[in-house]
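Enquirer: This is the structure, below, for whatever I ask next.
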Amino acid sequence: MKWIIVAIAGFLLQIFFPWWSIALAGFICGLFFVQKTRYAFLNGFVGIFILWGSMALYTYIINQGFLAEKLAGLLHLPHGIFSVIVTALIGGVIGGLSMVTGNELKKLCCKEGMII
Amino acid sequence: MFDEIKSFQDMLTRIKFIVSLILTLFLIFLLNSRLGQMPPLGKFLDPFSGIWQNAHIPDIPEKLDRSIAELHDEVQIVFNERAVPHIFARNDHDLYYTAGYVTAMHRLWQMEFTAFAGLGRISEIAGESAMEFDRYLRRIGMSYGAEQIWELMQDDQEMKAILEAYSAGVNAWIAQLKPRQLPFEYKLLDYQPEPWTPLKTCALVMNISRTLSLRSQALRLTHLKAAWGKEAVLAFFPSYYEGAEPVISKGTQWDFAILPPDPPEESFIPQFVLRNLIDDIPEGIGSNNWAVSPDRSLTGNALFAADPHQPINLPSMWYEMQLNAPGINTYGVSFPGSPFILMGFNRNLAWGNTASTNLITDVFEIELDEENLNYFYENQWHPLELRLEKIKVRNGKTIVDTVRFTHHGPILYINNEKPFYQHIPVGHAMSWSALIPAETLRGVKLINTANDFSDFREGLSNITAPPQNYAFASIDGDIGMQNNGLWPLRWQNQGTFISDGRRAEFDIQGFIPFEYLPHEINPDRGFVSSANQVHTDSLYPFFYGWDFANDARAKTINNTLRENEQVSISDMKNLQLNAGNHEAKQWLQLMLDSVRGYLNSHPDIKLSDNFNFLLDSLKSWDKINSAKSIAATVFMHWRDELQAKLWKPLTEPLDDLPHQRPNMDISLKVLFHQSPVDYYEKLTGFSPQTGEILVTSLNKIIANLEAEKGPPGEQWEWWRFNGPFLKHWLNLKALSTERMKVSGSSLSPNAVRNSFGPSWRMVAEMSDPVKAWGIYPGGQTGNPASQGYNEFTIDWAEGNYYELKLYKNALEAVSENHILMRLKPED
């Protein structure tokens, strides 16, 4: 359930900083939780995927898909809902990669806690 | 052994760290950058401050009470259910400040974008691809003209203060915007708004002039003259001809104290090889307006109607509002970026304008010296005035361009340059009366506060460009039509062809005084009307050009008004929505008779399978360009094809030179052996083969349509070829609308045609108080993420109108349950 922490960290950081602060969230959480690389990626990915995806989905619903449909047109996507999915994916990839970065740095700095 | 594994693990971790770090940073960089036309995807799709947040921007702000230090007094803004602001202020400063504030609230991106277009600054947004367009705009003098207007205004403290207050209001709105509230298009194109300035408002004045009056066919006609001779060209492109329906009542007598100048004794044969000419106005630009006198109106009050036809953009080129302060109370539509109501009404009168395409753009052949620093005029060399234009290119360098001015006006392109539009003449200067600075904005303000026709005319006398037909009606029962602008005083046909820039006798000799411009008040026929057709009959003493709209719209309007002695408001609306086709009414029977005659005498002719079926549908056609009519589709294609076929023998030798065909009216006259057919016969050596031309062209377009759309059926319905669609300023399909099933044509009063059409429809009954209705396609908010972006469009397409309310005060406005916003000066 580490991804929830990533999501919360991302949410808090984005109140004050631009969009790339989700990478800070992933990175910092990576420093805290030492885990296998693939789990680090998965937690970072899922955390931001859920954060961005649910925010976009919320907008999608209250706006009745009006904006999402236009975004789909601009980005050449087949349906409005894909705008939500693409948004979540972009956030997720940055979240995942940044969490791996933090995770690997932590492993390098304090080798004792390393998991083989 | 263990150590080796450990150091291998160690290295792996190190590699993983470095790879993921680089990948993360690289992706962030990539997703934060604009790639080609793609927005920076990470920044753009970020649901916290990217584009998703635009869906949370309300059309009317949630924070209704605001303190603003710059205000002198409290301002109340009442929004109706369509988000139209009714602004109630206690002084001019606060009124125009607030007009800027609310316009920016709804249309910030559009107003800045159109101002940039007016100043030739699009490259700053679009990059290198727009550079030549910007250069063109600078060369025709757009930024120069805007600067001249603003400079002239330095002596008019009142107007200067108004434009400054408006700018401050726009900037106050920009200042309180949070990054997540940045309008849609800024996020899409990844740039920031800059402060608004009065110069930008002046640039919008130049935009209107460019759209409506920068136009010359001199180059095309000069080529035709070389091929056909002057007499034939003048006969085929007449400034007035029998049977035309002018704006001003036929037979009007004019008593003028001045005469047109004499033509030069020696005519001019251009020496340069020419391939190009200036802007074309696309077919579809045009407008209707009319007013009905009290004795022909059902209720005994004067009636008024106006519907300008322009590009129907999203967001709309119009922004609806009411302006109320001591000394002013007016309602209507403004251009976002300009503080005044351009078309609308006040307590006393209603007004609206239509483009009048009289000639105010002249083209002069200029001889330059080798350094391109002097030009030859009256047997000596004169220095050119040079103006340096800096064009900033996004992510690139600043390009410095030189615009060369003669006393006629700017030289568009010098001999070794490639023009932006293929049809702009190289080595020529342009004289365009819109480049003469004037108090146009003061004129518009005077109209906003006019009490009667004389105030109205005084306002118009300040508006020097573009020339337009202004119709008006008052609660006193007066109706009138007045033209405006600097109309060059011409000898007969001066400016029809390219002029000699070397000789003083070809100069513009001055302008027709305002009092002598075409106008009429309370004419005997009981109505005034205009639809971009020729202004006057042959009694008017001055020549003012020949290139006017087909008068089919004018004939439908005038005939309808002549037949109806008790015009009601719903008659006025129905006439605006009328899709009748006067050209078909006038000519179709003749065309069909001629087809029948030809078929009877040529029984063996091979025709497409559907020929007879479609011929029958034309016979039973009601001559209305209804959305679902197939006959309308056939007729409209047929007329274009027969025109091409008729003139082919004469235009074919000119195919690789700019040229044009005589208009449809003249073409049909020639086809049916009416004047000026004699010139046709002289030039070709034969008479037009009417029946053959009609049958072969009809057969050809049927075959073409079958190939394109299959057998006649749903796919042939007229709206599929002509139905209107709204186009976003950036021409992005996702932000535009689909084609709509709407009746009309460029020949009908309801002049919808692709991305053109009635961009504002208004009718008014001049009772006391005035009752008015209006609508434009689009919506008040320019936010594409809001449902309000496009909320009027369906009603517009269906021909519905909204009631327009000119409230006396905020109390009255609020009593109708609207939202009240209060702006207060800080204590």
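Enquirer: How do the peptides B:436-444, B:380-388 rank, highest first, by the average count of neighbouring beta carbon atoms within 10 Å per residue?
Expert: Details: B:436-444: 20.3, B:380-388: 12.9.
Ranked by mean Cβ neighbours within 10 Å, highest first: B:436-444, B:380-388.
Enquirer: Label 7 Å along Cα→Cβ of B:Glu738; the range B:702-721 residues with amide nitrogen under 12 Å?
Expert: none
Enquirer: Taking θ = phi - 60°, what integer Hz values does the Karplus form 6.51 cos²θ - 1.76 cosθ + 1.60 yield along the range B:692-707, in sequence order, with x for Gly and Pro?
Expert: Couplings: 5, 4, 5, 5, 5, 6, 5, 4, 5, 5, 5, 4, 4, 5, 4, 5 Hz.
Enquirer: Here is a further query. Per DSSP H run of n ≥ 4, the term is -39500 (n - 2.57); total these for the protein assembly as shown, divide by its residue number, and report the mean residue ellipticity at 222 nm rounded to 500 deg cm²/dmol.
Expert: Working: 29 runs with 379 residues, N = 943.
The helix contribution divided over the protein assembly as shown gives -13000 deg cm²/dmol.
Enquirer: Over the Cα atoms of the protein assembly as shown, each weighted equally, I'd like the Debye log10 I(q)/I(0) at q = 0.06, 0.09 Å⁻¹, rounded to two decimals.
Expert: Calculated log10 I(q)/I(0) at the listed q: -0.50, -1.04.
Enquirer: For chain B, with the dipole built from +1 on Lys and Arg beta-carbon atoms and -1 on Asp and Glu ones, taken about the Cα centre, which of B:Thr440, B:Ala325, B:Ala69 lies farthest toward the positive end?
Expert: Final value for the positive-end residue is B:Ala69.
Enquirer: Taking R0 as 35 Å, what FRET efficiency do you get between B:Glu265 and B:Ser620 from their Cβ-Cβ distance, rounded to the nearest 0.05? Kindly include the intermediate steps, with their values, before the conclusion.
Expert: Values: r = 59 Å, r/R0 = 1.67.
With R0 = 35 Å, the Cβ-Cβ based efficiency is 0.05.
Enquirer: Can I ask one more? Express in nm, to one decimal, how much length is gained between B:Gln787 and B:Trp381 on full extension, taking 0.36 nm for each residue of separation and deducting their alpha carbon distance. The partial results should precede the final answer.
Expert: Values: separation 406, 0.36 × 406 = 146.16 nm, distance 6.19 nm.
Length difference between fully extended and current span is 140.0 nm.
Enquirer: If each of A:Phe11 and B:Ile22 carries a label point 7 Å out from its Cα toward its Cβ, how far apart are those two points in nm?
Expert: Going from the A:Phe11 label point to the B:Ile22 one covers 3.6 nm.
Enquirer: Another question about this same structure. For chain A, with a Gaussian network of springs between Cα atoms less than 10 Å apart, report the residue from A:Val86, A:Val46, A:Val100 with the top mean-square fluctuation.
Expert: The residue that fluctuates most here is A:Val86.
Enquirer: On average, how many beta carbons from a partner chain sit within 10 Å of the beta carbon of a residue in A:11-22? Each step should come with its number before you reach the end.
Expert: Working: counts 1, 0, 1, 4, 2, 0, 2, 8, 13, 10, 2, 4.
Other-chain Cβ atoms within 10 Å of each residue's Cβ, averaged: 4.
Enquirer: Computed FRET efficiency, Cβ-Cβ of B:Tyr241 and B:Glu515, R0 22 Å: what is it to the nearest 0.05? Please list the in-between numbers first.
Expert: Values: r = 27 Å, r/R0 = 1.24.
Computed FRET efficiency for B:Tyr241 and B:Glu515: 0.20.
Enquirer: Moving on to the next point. Return the sequence-ordered ³J(HN,Hα) values of the range B:184-190 in whole Hz as given by the Karplus equation 6.51 cos²θ - 1.76 cosθ + 1.60 applied to θ = phi - 60°, using x for Gly and Pro.
Expert: Karplus values, whole Hz, x for Gly and Pro: 2, 5, 4, 5, 5, 9, 6.
Enquirer: Running a GNM on chain A with Cα contacts under 10 Å, which residue among A:Ile48, A:Ile22, A:Ile90 ends up with the highest mean-square fluctuation?
Expert: Between A:Ile48, A:Ile22, A:Ile90, it is A:Ile90 that shows the largest mean-square fluctuation.
Enquirer: While we're looking at this one, here's another question. Set the bar at 21 Å for Cα to Cα. Now go through B:Lys628/B:Lys669; B:Lys230/B:Lys648; B:Lys623/B:Lys648; B:Lys200/B:Lys390 and name every pair that lies beyond it. It would help to have the intermediate numbers written out before the result.
Expert: Working: B:Lys628/B:Lys669 29 Å; B:Lys230/B:Lys648 19 Å; B:Lys623/B:Lys648 28 Å; B:Lys200/B:Lys390 16 Å.
The answer is B:Lys628/B:Lys669; B:Lys623/B:Lys648.
Enquirer: Going Cα to Cα from B:Lys445, which aspartates and glutamates come in below 17 Å? Please leave out same-chain ones fewer than 8 positions away.
Expert: B:Asp92, B:Asp94, B:Asp155, B:Asp156, B:Glu158, B:Glu164, B:Glu320, B:Asp455, B:Glu458
Enquirer: Cβ under 9 Å from A:Asn103's Cβ, A:Asn103 left aside: what net charge do those residues give with Lys, Arg +1 and Asp, Glu -1?
Expert: Working: positive: A:Lys36, A:Lys106, A:Lys107, B:Lys16; negative: A:Glu104.
That works out to +3.
Enquirer: Once you order the gyration tensor axes a ≥ b ≥ c over the Cα atoms, which shape class does chain B get: rounded for a/c under 1.5, otherwise prolate or oblate by comparing a/b with b/c?
Expert: rounded
Enquirer: Would you compute, for the Cα atoms of the range A:2-113, the largest minus smallest coordinate along each principal axis and list the three values in descending order, in whole Å?
Expert: Principal extents (Cα only, largest first): 53, 26, 19 Å.
Enquirer: Peptides B:391-397, B:638-644: what's the order by average Cβ count within 10 Å, highest mean first? If you can, show how the numbers build up before the last one.
Expert: Values: B:391-397: 14.4, B:638-644: 19.4.
Averaged packing, sorted descending, gives the order B:638-644, B:391-397.
Enquirer: Also, quick follow-up: What residue among A:Lys106, A:Lys70, A:Lys36 has the largest mean-square fluctuation in a Gaussian network model of chain A, using Cα springs under 10 Å?
Expert: Sorting by GNM fluctuation, first place goes to A:Lys70.
Enquirer: Can you tell me the order of B:73-82, B:592-601 when each peptide is scored by its average per-residue count of other Cβ atoms within 10 angstrom, highest first? Walk me through the intermediate numbers first.
Expert: Working: B:73-82: 19.5, B:592-601: 14.5.
So the order, starting with the most tightly packed, is B:73-82, B:592-601.
Enquirer: Separate question: Please compute the length gained on full extension between B:Glu803 and B:Asp656, using 0.36 nm multiplied by the number of residues separating them and subtracting their Cα-Cα distance.
Expert: My answer for the length gained is 47.7 nm.
Enquirer: In a shell of Cβ-Cβ distance under 14 Å around B:Arg596, excluding B:Arg596 itself, what net charge do Lys and Arg (+1) and Asp and Glu (-1) give? Show your work: numbers first, answer last.
Expert: Working: positive: B:Lys619; negative: B:Asp593, B:Asp616, B:Glu692.
Spelling it out: positives minus negatives among the neighbours equals -2.
Enquirer: Hey, another quick one. Using a 7 Å offset from the Cα along the Cα-to-Cβ direction at both B:Gln715 and B:Asp401, what is the distance between the two label points in nm, to one decimal?
Expert: Roughly 4.4 nm, to one decimal.
Enquirer: Once the other residues with Cβ under 14 Å from the Cβ of B:Gly526 are scored (Lys, Arg +1; Asp, Glu -1), what is the net sum? Mind showing how you got there, number by number?
Expert: Details: positive: B:Arg296, B:Arg525, B:Arg562; negative: B:Asp295, B:Asp478, B:Glu520, B:Asp524, B:Glu563, B:Glu565, B:Asp571.
Combined, the nearby Lys, Arg, Asp and Glu give -4.
Enquirer: I want to check the label-to-label distance for B:Ser767 and B:Asp295. Put each point 7 Å from Cα in the C-beta direction and report it in nm to one decimal.
Expert: That separation, rounded to one decimal, is 2.3 nm.
Enquirer: Moving on. Please give the length that would be gained between B:Gln586 and B:Arg822 if that part of the chain were fully extended, namely 0.36 nm times their separation in residues minus their C-alpha to C-alpha distance (nm, one decimal).
Expert: On the way: separation 236, 0.36 × 236 = 84.96 nm, distance 5.78 nm.
Using 0.36 nm per residue and subtracting the Cα-Cα distance, I get 79.2 nm.
Just so you know, all these numbers are worked out from the coordinates, no wet-lab data involved. Bear in mind that the values here come from a model prediction, so they are computed numbers and not experimental data. So basically every Cβ, Gly included, is an ideal-geometry build from the backbone, and we count neighbours across all protein chains shown.
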